[in-house]
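Notes to accompany the following structure.
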Amino acid sequence: MDPGRGIDHVVHCVRDLDQAAAFYERLGFTLTPRASHPWGTDNRLVQFKDTFIEILTVAAPERIAEPAPDGFEFGAHNRDYLRAREGMSMLALKGADPAADARSFAAQGLSPRPPFHFERGARLPDGAEVTVGFDLAFAMDAGMPEAVFFTCQQSAPELFWKPAFQSHENGASAVAEVVMIGSASPAMLRFMRGVFGAARVSETAGGLRVETGGGTVTVLSRTAFDDRFPGRAPERAPNRPHFAAYRIAVKDLGLTKDLLDGTGVPSQWHGETIQVGAQDLFGVALEFSEAA
């Protein structure tokens, strides 16, 4: 089996970046300094060894470009997403050849635009200012406009990944899973096979499971999602397929729960996991599980 497109990062879209960052710190995460994109969005990151969480907000709406007909713009997508709700707006996958990814997606009718390169400033743990670059290729389906997938290749990974940002008080080590609310419809099955390869996608009792080669993507019906995340689904969510939760691997769930209790974060045990509801985490549910 090919190595697959593993999870690179989740994009958590919020209205108030400072407020969201403070809550992530209460969750026990270390965050990178604030950074800006050239198209008007700002972010802070929760880095692990080779995956991360991007907490994103619209900081300069006047700089956001409108998409061309049948096109796509990163900033406009997240601006429009925030007009309806906060939550997880995008999933980034690891990419090694963005041009090839874009061709593959386009051949299957999944790509709304060619790949593009951008750069932004970043501050290292020692305070030094550097420039990091990224090449993105997008995969979308008209039936789920709130759930955008893209591959991401870094042009200066040695300046991006820093161990000083990857040590977290809650013991977190990776983004292990992303969970969508949706169904195993023919359109969803076609999309997932087009993005990840048919051999990596399997149908389950509750929906679909994708073993990406670097983390899992799960699609659950609303009933199956509520069974797994009771009372913790996003509010004001669309009726179309959408990202609803993600799972983080940690070293010791007991220590993680003690930290959350100590910082006053509402969390509950559910089986052998700890869950934080979407009503508390800006529109997306969070699950902690112990790393294998």
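Over all orientations, segment 172-290 has a Cα convex hull whose mean projected area works out to 7.5 square nanometres.
Run lengths n ≥ 4 of DSSP H only: what is the helix-derived mean residue ellipticity at 222 nm for the chain, with -39500 (n - 2.57) per run over all residues, to the nearest 500? -6000 deg cm²/dmol, from helical runs alone. The convex hull of the Cα atoms of segment 7-165, projected and averaged over all directions, covers 9.3 nm².
Estimated at 0.36 nm per residue, the fully extended path between R236 and D16 surpasses their Cα-Cα distance by 77.4 nm.
The modelled label-to-label distance between E119 and F72, using points 7 Å beyond Cα along the C-beta direction, is 2.5 nm. Label-to-label distance, D252 versus A292, with points set 7 angstrom from Cα along the beta-carbon direction: 2.3 nm. With Cα atoms defining each centre, segment 43-105 and segment 132-205 are spaced 11 Å apart in the structure. Remark: spin-label model distance A107-R83 equals 3.6 nm, labels positioned 7 Å along the Cα→Cβ axis. Take 156-169, 266-279 and order them by the average number of nearby Cβ atoms within 10 Å per residue, most first; the result is 266-279, 156-169. Show which aspartates and glutamates lie in cross-link reach of K162 when reach means a straight Cα distance below 16 angstrom and same-chain residues fewer than eight apart are skipped. Correct list for K162: D8, D50, E54, D126, E129.
Values quoted throughout were computed directly from the atomic coordinates according to the rules given, and no laboratory measurement underlies them. Source: prediction; values computed, not measured. Glycine also receives a Cβ, built like all others from the backbone with ideal geometry; neighbour counts cover every protein chain displayed.
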